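Structure record follows, encoded as structure tokens.
Bear in mind that the values in this text are calculations on the coordinates, not laboratory data. Small disclaimer: the values here were computed from a predicted structure and weren't measured. Using ideal geometry, Cβ is built from the backbone for each residue, glycine included, and neighbour counts are taken over all protein chains shown.
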Amino acid sequence: MAEVSIPEDLSQKLLTAVGKEKLQACSDRQLDLMDQMLVDRLQDKPDPVTEMELLGMYEMITEEVLPVSLPI
């Protein structure tokens with residue numbers, strides 16, 4: 001993922017919510033966008049991030065913002 005340091009427990013939660021294969025299939029740009037969404041979320045709301053939120057971030061980026069079928 002991008003340069004942002006994500007706590008180990010949050011990284012594991014992301015792997016559980018989205019899956020290793022899906023994350024590996026993401027482009028660098030998609031991963032950067034997900035990182036930025038996560039950073040913004042953590043700055044706006046200090047509550048723990050849920051697996052549903054992580055899955056929602058993944059889906060928003062890969063299906064709406066920057067689908068794989070678009071040039072990257």
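Relative to the Cα centre, the charge distribution of region 13-57, modelled as +1 at Lys and Arg Cβ and -1 at Asp and Glu Cβ, gives a dipole magnitude of about 140 debye.
Full extension of the chain between residue 59 and residue 43 yields a length gain of 3.7 nm, computed as 0.36 nm times the residue separation minus the alpha carbon distance.
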